[in-house]
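Report on the structure given below.
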Amino acid sequence: QVQLVESGGGLVQAGGSLRLSCAASGRTFSSYIMGWFRQAPGKEREFVAAIRWSGGTTYYAGSVKGRFTMSRDNAKNMVYLQMNSLKPEDTAVYYCALELDDRWRYYSAGEYDYWGQGTQVTVSS
């Protein structure tokens with residue numbers, strides 16, 4: 001079983017930055033993808049970013065491309081989401097997720113097998 005724990009959320013002013021972290025524990029994997037999703041009140045969970053563990057290829061939602069950067073630390077089994085130029089519309093609970101089969105749709109929440117508890121990000125105007 002895999003466990004994911006997010007951290008790093010908080011309150012920040014518009015234009016500011018935050019870095020989210022996700023620690024993964026459990027068994028090792030040969031090929032998988034980790035993603036960040038977010039969910040604001042009254043809205044569906046939406047894709048933010050994803051990274052293939054092997055190779056490090058990243059994918060981003062159009063709304064965050066150029067502002068957010070996802071990275072990984074293989075030795076620590078950690079992934080990060082560096083969020084710059086934050087906007088009030090970025091306010092949401094951010095979730096880390098893991099998809100065991102990286103051949104499928106990284107942008108679809110339903111494809112992911114494990115989820116963290118979420119961390120709140122609030123951007124004030």
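The values are calculated or read from the model by the stated rules, or taken from the named source; none is laboratory data. Because the structure is predicted, anything quoted here is derived from the model rather than measured. Note that we place each Cβ from the backbone using ideal geometry, even for glycine, and neighbour counts take in every protein chain shown. Accessible surface areas use protein heavy atoms only, side chains included; no ligands, DNA or RNA. Shrake-Rupley method; radii C 1.70, N 1.55, O 1.52, S 1.80 Å.
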Legend entry - Top-ranked residue in segment 5-43 [being of a type in the set (Phe, Trp, Tyr) and assigned to a loop (DSSP other than H, G, I, E, B); ranked as surrounded by the fewest Cβ atoms within 10 Å (Cβ to Cβ)]: PHE29
Legend entry - Of all residues making up segment 45-57, the number that are touching a residue at least 60 places away in the same chain (Cβ under 8 Å) and part of a loop (DSSP other than H, G, I, E, B): 1
Legend entry - Residue that is modelled with the lowest pLDDT, among those in segment 44-58 that are open to solvent by less than 50 Å² (accessible area, probe 1.4 Å) and closer than 16 Å to TRP104 by Cβ: TRP53
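Given ALA49, ALA14, which one is under 24 Å from VAL123 (Cα atoms) and more than 14 Å from the chain's Cα centre (by Cα)? Please lay out each step first, then the result.
Numbers: ALA49 fails: more than 14 Å from the chain's Cα centre (by Cα).
After ruling out the rest, the residue left standing is ALA14.
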Inset, instruction - Could you list, in sequence order, all residues of segment 83-103 that are open to solvent by 60 Å² or more (accessible area, probe 1.4 Å) and more than 15 Å from SER54 (Cα to Cα)? - result: SER85, LYS87, GLU89
Inset, instruction - Name the single residue, out of those in segment 72-82 being modelled with pLDDT of 95 or more and farther than 22 Å from TRP104 by Cβ, that is surrounded by the fewest Cβ atoms within 10 Å (Cβ to Cβ). - result: GLN82
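Residues that are among the charged types (D, E, K, R): find the strands (runs of 3 or more DSSP E) completely inside segment 59-125 holding 1 or more of those.
Details: elements: 68-73, 78-83, 92-99, 119-124.
In segment 59-125, the matching strands (runs of 3 or more DSSP E) lie at 68-73, 92-99.
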Inset, instruction - Take LEU81 and decide whether it is touching a residue at least 12 places away in the same chain (Cβ under 8 Å), under 12 Å from MET34 (Cα atoms) and aliphatic (A, V, I, L, M). - result: yes
